[in-house]
Each structure stands twice: as structure tokens, then as C-alpha cells.
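The values are calculated or read from the model by the stated rules, or taken from the named source; none is laboratory data. Because the structure is predicted, anything quoted here is derived from the model rather than measured. We place every Cβ from the backbone using ideal geometry, glycine too, and count neighbours over all the protein chains shown. Side chains included, ligands, DNA and RNA excluded: accessible areas come from the protein's heavy atoms. Shrake-Rupley method; radii C 1.70, N 1.55, O 1.52, S 1.80 Å.
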Amino acid sequence: MKYSELSVRFCGIAGDGIVSSGKILAGAVAGIGLHVMVNDIYSAEIRGLGKSTTTVRFSRQPLYSMGDGIDLLVGMAAKESIAEIQAVKSSGSVIYEISESGEILEGESLAAHIPPAMNGFGVPLKNLANQASGTSQGRNIVAMGALCYLFDLPAKVFITYIRKIFSRKGETVVSQNVQAFELGYDYCKEHYPLNAQFEIDEEKAPKNLISGNEALAKGAFDCGLNFYAGYPITPATKIMEMCARELPRRGGWTIQVEDEIAAISAVVGAWFAGKRAMTATSGPGLSLMSEMINFAVMAEIPTVIVDVQRGGPSTGLPTKVEQGDLNIALFGGASDSPRVVMAPSNSEECYSGIQLAFDLAEKYQTPVIFLSDLFLGQRIESADINQNVDQTRCSRKKPNAEELINYQRYRLTEDGVSPLLVPGETGAFYTVTGLEHNLKGNPNYESEVHQQMTEKRFRKFQAMTADIPVADIIGDEDAEIGIASWGSTLGAILEGMEIARKQGVKSKLIKSIMIFPQHEDSFRLFFASCKRIIVPEMNYQGQYAALLKSRYGIKPIEIHIRSVNPVSPAQIAQKIVEVQHELI
């Protein structure tokens with residue numbers, strides 16, 4: 001059987017090298033020019049126990065999601081892997097552990113649960129790992145060799161990559177891992193006939209791999225991030241770790257503070273002092289930040305907050321994905337508290353979008369909340385990022401000489417943006433407060449002043465439409481079925497649309513990195529051109545659907561997708577086809 005696409009899942013427990021297995025496989029196949037996407041799912045407990053899986057999907061064609069089902073399950077722990085068999089395609093394969101003598105290991109065996117239609121490959125993973133290194137820690141590398149043979153992948157590429165990633169540990173470790181790989185490869189070559197082949201184009205250039213969190217941090221560095229304050233929280237901690245390594249090299253600062261309230265306070269203070277600053281958190285942290293975000297709205301201080309969303313209220317599901325923070329991002333503040341809300345869909349948008357977030361925050365002197373999520377932030381994918389490096393950029397409106405004579409920090413302007421001075425600049429004398437204030441920033445509680453200042457703060461968002469991208473419309477222009485998406489669901493929706501198209505059902509999609517504000521006319525025109533509108537999202541309430549209903553008066557078909565796992569393209573395709581049948 002020939003393959004042009006393959007999805008492999010490693011399943012085990014702490015110590016089985018599950019995550020590193022995914023990285024090795026992804027790095028090797030990316031090295032031969034294949035498109036790759038990797039998704040890790042692991043336990044929230046820190047104590048080092050619990051089930052862990054890594055799924056690697058790779059293809060000769062571009063990938064937009066993790067797809068549906070897997071072609072190969074590598075069961076490193078039998079008990080934990082049994083539940084994963086249901087994800088294996090009907091004609092798929094399972095690699096499982098056997099003893100040195102070829103007998104299935106004692107206990108609840110994985111092999112006994114493999115349906116007859118599937119291919120089962122027993123491999124003495126522990127024994128072969130012990131032959132290579134004297135320990136069982138190389139079982140995952142043995143399994144890598146096995147799958148390399150079973151799907152006729154180029155062994156030399158894998159060996160080269162294994163040498164590369166283990167080189168810093170010394171030649172002994174390198175040799176042991178190479179031998180483990182070769183033993184797994186040779187065992188399967190001796191015991192199993194080759195009946196599968198992955199078709200490879202030898203001339204393809206290597207693909208670059210990056211996660212959403214890495215792309216976001218890189219985008220922030222390239223547009224002048226100078227100060228980062230944060231508190232560790234899954235799944236945003238990687239961003240802080242990158243800032244801790246990189247910013248000191250650039251003359252910047254990274255501070256790990258005692259909680260998220262301190263983090264947002266430090267970031268607001270840094271912006272007030274004229275530095276491009278950022279913090280990153282998840283839902284529980286964003287909840288704590290609400291008061292200081294509200295202060296930044298009132299004081300008109302730029303602020304950038306990244307929210308890598310995870311599941312559930314409170315501490316919820318720390319290591320599972322959900323799109324549940326849209327409401328708090330939009331409305332989490334006292335009274336009329338406008339702020340920019342953005343949601344990238346892939347790594348490329350994490351890079352370019354965070355740069356736009358900094359420019360909008362600085363130019364319009366307002367908080368920007370950047371809604372990533374666990375799946376987007378932590379998944380690794382092949383991506384071609386167009387770098388835009390300008391670390392000295394500044395979009396701040398500064399006062400001219402005339403405006404400095406009687407400087408009014410909150411002067412009323414047509415676009416709602418007042419010229420901004422930072423401490424230390426000539427004429428920078430004004431009051432900053434969370435109280436309502438007059439043009440100089442002095443507290444004022446008169447109704448007329450409050451009305452003027454409220455209108456001023458909202459007027460920015462009307463002017464901002466000149467600086468934000470228009471929505472993307474993808475699909476068949478004449479389709480009667482429209483889809484509105486936001487965030488990381490985009491990839492699964494695109495693949496679902498393609499599945500439906502192959503069944504003769506057309507659809508089109510509108511998406512924008514901007515949640516608020518948006519180019520509303522383009523959305524109105526799109527919705528007017530559709531007979532039915534579908535809004536899929538990973539939350540129980542349909543938060544984006546509710547926003548679109550209130551803003552545009554539409555009556556969408558809502559798909560409230562269960563969180564924890566990435567979105568299924570087949571589920572999207574099924575709904576598109578169902579809606580088409582309703583139209584007939």
C-alpha cells in the first residue's frame with residue numbers, strides 16, 4: 001500500500017520519551033521536505049505520572065489540521081494505549097511490545113484489543129533497547145526504527161537527525177541511539193514483509209518547524225519587544241522561557257513575578273515609561289488581570305496581553321484546549337471598557353499578528369488581548385514565516401512644539417488619539433489615574449466630561465479600521481453555505497470544506513484575525529450572500545456566534561465543539577453536507 005500522507009501516534013507514560021519521539025519523527029520527515037504537524041497531549045499532574053500522547057501527521061501536501069484518525073499507533077504502554085485503538089483507521093497498524101521470546105507481555109495486553117482488519121506488529125522494544133544501551137530508555141528509538149522500516153521511510157535521514165539531536169550528549173549516547181534505531185529497523189525487516197511505502201519526492205527542500213508560541217515570541221522580538229513580565233502558567237510558559245533567554249541579549253528585561261496581577265501591572269508601567277512590553281497567560285491569569293486592563297483603558301496606556309487559552313473555568317483543564325476566553329477578553333471590565341481583541345489561526349499569524357498587536361496598542365494607546373490557544377501555541381508545524389524585523393519601530397503619536405506649550409495628555413482629537421509623552425521627555429507633566437479625568441488627566445466627575453472621554457475612548461476603534469486587515473474569504477464564491485471561524489479551528493474547517501467539496505457540496509468561509517474591531521461591511525456583505533451560516537467553535541456557549549448574532553443580526557447554525565482534542569475536519573464536513581440537504 002502506498003501512502004502520500006501518514007498520521008502516527010506515540011502513546012505511553014512519563015519516561016517513555018513520547019514527546020521526544022514526536023520531535024524526532026517530525027524533524028526527520030521535515031528534513032526530506034514533507035509538510036508536518038505535531039500535537040502533544042499530556043497529563044496536568046506535575047508528579048511525573050499519567051498518560052501522554054504525541055501525534056505526528058506528515059504529508060506531501062500542505063496540512064491545516066491534525067485530520068481524522070491515525071494510520072499507526074505506537075503503544076509504549078499497553079494499558080494506556082488500549083483506548084487509542086479507536087482512533088486507528090480500519091486498515092491501520094499498531095506496534096506493540098512483546099517479550100524477548102516473542103510472547104506477548106503479561107498483563108492487559110494491547111495486542112488482544114487489535115481488530116482483525118488492522119495490522120499488528122509485535123516488537124521486543126525493551127529487549128532491543130537494552131541491547132543498545134543497557135537500559136530500556138531507548139524503547140522509543142527502537143520503535144522509530146520499526147516504523148521507519150514498516151513504511152519504507154529513508155533510514156539514513158532518521159539516523160542523521162538522531163545524530164544531530166543527541167550530539168550535545170556525547171558520542172556514546174549518539175551511538176547507543178543510532179544502534180537502538182537500527183535494531184528496531186532490522187528486527188522488523190527480518191520478521192515482517194514490507195507491504196507499505198511512503199512516497200517521497202527526493203527534490204523537496206527541508207521544511208522549517210515552529211510552534212505558535214515560538215512564532216509569537218519571535219514576532220514580538222522582531223518588532224521591538226523590550227520588557228516581559230509574567231508568571232508561569234500552562235500553556236503560555238514557553239513564551240516567558242524564550243523571553244528570558246533572548247531579551248537580556250538585546251538589552252531588554254524579563255521578570256518572573258509573584259502572580260498575574262503583578263505581571264500586568266509591570267507591563268502597564270513599562271509601556272507608561274515608553275517601552276514595548278508584553279505578558280502572556282491563560283484564562284485563570286487573564287481573570288486576575290481584568291482590573292489592570294481596565295486601568296489601561298481609562299489611563300489610555302498601551303498594553304499587550306497574550307492569552308493562550310486552555311479548558312474550563314477556574315484552573316479547569318490546564319493541558320487541554322478550548323476557545324472559552326472570548327467573552328472575558330471582550331467584556332471583562334467594569335463599565336464601558338473597550339479593548340482590541342485578536343485571534344490568530346496559525347503560526348504565520350502568530351508572528352505577523354503579534355506585530356500588528358504592538359503597533360495598534362502603541363498607536364491607539366489601548367490594551368490589546370491576543371487570543372491564542374493550547375493547540376495553536378504548542379503544536380509544531382511546518383511554516384514559512386515572512387520575517388519583518390524592525391526593532392526600533394514606533395507608532396506612537398507625539399506632540400509637536402505648539403502642543404507642548406500647554407500640554408493636554410487627553411486632548412480631544414478627531415480619531416480619539418491624543419499625542420503621548422513619556423516620563424523624561426520635555427513637557428511630560430500630567431496626571432495618570434484610573435479615575436475619570438479632564439484633558440490634563442486631573443480627576444473629574446462631571447457628567448459632560450465623562451461623556452466626552454467615553455466617546456473619545458471609543459472613537460479610537462472607528463479610526464482603527466484604517467490600520468487593520470480586511471477579512472479573508474475562502475472557498476467557492478457562489479456557495480450558499482457560509483462559515484465564520486476564529487482562531488485555531490480554521491485548519492480543520494478548511495479541510496472539512498474540502499471533504500464536503502469532494503462530495504459535491506460547495507461552501508465558503510470568512511475569517512479575520514480581528515475580533516474587535518472588524519471591517520463590519522465585509523462581514524455584512526458575506527452574510528447577505530449566504531442562505532445558511534455555520535459557526536463552529538470550541539466552547540459550550542457559542543461565544544463567537546453570540547457576538548456575530550448581536551453585531552450583525554444573523555441566525556447562524558452553531559457547532560459547539562467539545563474541547564480537549566483538536567477539531568475534527570470530518571465533523572465540519574458532515575455539518576456542511578447536512579445543511580446542504582436542508583437547502584434542497
Hey, which lysines would be in cross-link range of Lys126, C-alpha to C-alpha under 27 Å, not counting anything within fewer than 8 residues on its own chain? Lys23, Lys51, Lys79, Lys89, Lys156, Lys164, Lys169, Lys189
Solvent-accessible area per residue, Å², over the chain with all protein chains present [probe radius 1.4 Å]: 42
In whole Å, how far is the Cα centre of segment 477-546 from that of segment 192-235? 26
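When ranked by the protection proxy of mean other Cβ atoms within 10 Å per residue, highest first, what sequence do the peptides 464-473, 289-298 form?
Details: 464-473: 15.1, 289-298: 21.1.
The most tightly packed comes first, giving 289-298, 464-473.
Could you work out the relative contact order of segment 372-436, using alpha carbon pairs under 8 angstrom and six or more residues apart, expressed as a whole percent? Don't skip to the answer; put the middle values down first.
Values: 33 pairs, mean separation 16.4, N = 65.
Dividing the mean separation by the residue count of segment 372-436 yields 25 percent.
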Quick check: the distance between the Cα centres of segment 261-282 and segment 327-391, to the nearest angstrom? 15
What's the angle, to the nearest 10 degrees (0 to 90), between helix 139-150's Cα axis and the longest principal axis of the chain? 70
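Just add up the charged neighbours of Asp415: K/R +1, D/E -1, any other residue whose Cβ is under 11 Å from the Cβ of Asp415.
Working: positive: Lys363, Lys397, Lys456, Arg459, Lys460; negative: Glu414, Asp467.
The answer is +3.
His450: net charge of surrounding residues, Cβ under 15 Å, Lys/Arg +1, Asp/Glu -1, itself excluded? Don't skip to the end; give the middle numbers.
On the way: positive: Lys456, Arg457, Arg459; negative: Glu300, Asp336, Glu436, Glu446, Glu448, Glu455.
Result for the local shell: -3.
With a cap of 13 neighbouring Cβ atoms within 10 Å, and only residues DSSP puts in a loop, list the trypsin sites (Lys or Arg not before Pro) found in segment 551-580.
On the way: sites: Arg551, Arg562, Lys575; in loops: Arg562.
Listed in order of number, the matching sites are Arg562.
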What is the angle, in °, between the Cα long axis of helix 543-552 and the longest principal axis of the Cα atoms in the chain? Nearest 10 is fine, range 0 to 90. 40
Once phi is turned into θ = phi - 60°, what whole-Hz ³J(HN,Hα) does the Karplus curve with 6.51, -1.76 and 1.60 give for every residue of segment 331-348, x standing for Gly and Pro? 10, x, x, 6, 6, 7, 10, x, 8, 6, 10, 10, 8, x, 10, 7, 5, 4
With DSSP loop assignment and no more than 15 other C-beta atoms within 10 Å, the chymotrypsin sites (Phe, Trp or Tyr not before Pro) in segment 427-507 are Phe429, Tyr445
DSSP beta bridges in the chain [antiparallel fraction, %, rounded to 5]: 40
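Please report, in debye to the nearest 20, how large the charge dipole of the chain is about its Cα centre when each Lys and Arg carries +1 at its beta carbon and each Asp and Glu carries -1 there. Provide the component values of the computation, followed by the final result.
Working: 55 positive and 66 negative charges, 112 e Å.
Value, rounded to 20: 540 debye.
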Local charge sum around Pro284 (other residues, Cβ-Cβ under 12 Å, Lys/Arg +1, Asp/Glu -1)? -3
How much of the accessible area of the chain, in percent, comes from carbon and sulfur atoms when a 1.4 Å probe is used? 50
Which of (1) 56, 37, 23; (2) 48, 28, 19; (3) 37, 27, 25 gives semi-axes √(5λ) of the Cα gyration tensor in Å as computed here? It is (2)
Extreme residue, positive dipole direction of segment 331-382, given options Gln365, Ala343, Leu376 (C-beta unit charges): Gln365
Under 22 Å Cα-Cα from Lys506, which lysines qualify once same-chain neighbours fewer than 8 residues away are excluded? Lys531, Lys555, Lys575
Rounding to the nearest 10 and keeping the result within 0 to 90°, find how far the Cα-based axis of helix 171-191 lies from the longest principal axis of the chain. 50
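Contact order normalised by length for the chain, with contacts defined as Cα pairs under 8 Å and 6 or more residues apart; what percent is it?
Over the chain, the number comes to 12 percent.
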What accessible area, in Å² to the nearest ten, does a 1.4 Å probe give for Glu425? 60
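I'd like the trypsin sites (Lys or Arg not before Pro) in segment 1-85 restricted to DSSP loop residues with at most 11 other Cβ atoms within 10 Å, sorted by number.
Details: sites: Lys2, Arg9, Lys23, Arg47, Lys51, Arg57, Arg60, Lys79; in loops: Arg47, Arg60.
Loop-located and lightly packed - Arg47.
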May I ask you to order 165-177, 86-98 by the average number of other C-beta atoms within 10 Å around their residues, highest value first? 86-98, 165-177
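Give, rounded to the nearest 20 debye, the magnitude of the charge dipole that segment 270-334 has about its Cα centre when Lys and Arg contribute +1 at Cβ and Asp and Glu contribute -1 at Cβ. Each step should come with its number before you reach the end.
On the way: 4 positive and 5 negative charges, 42 e Å.
Magnitude of the dipole: close to 200 debye.
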Taking the Cα centre of segment 459-523 as origin, sum charge times position over the Cβ atoms of Lys and Arg (+1) and Asp and Glu (-1), and report the length of that vector in debye to the nearest 20. 200
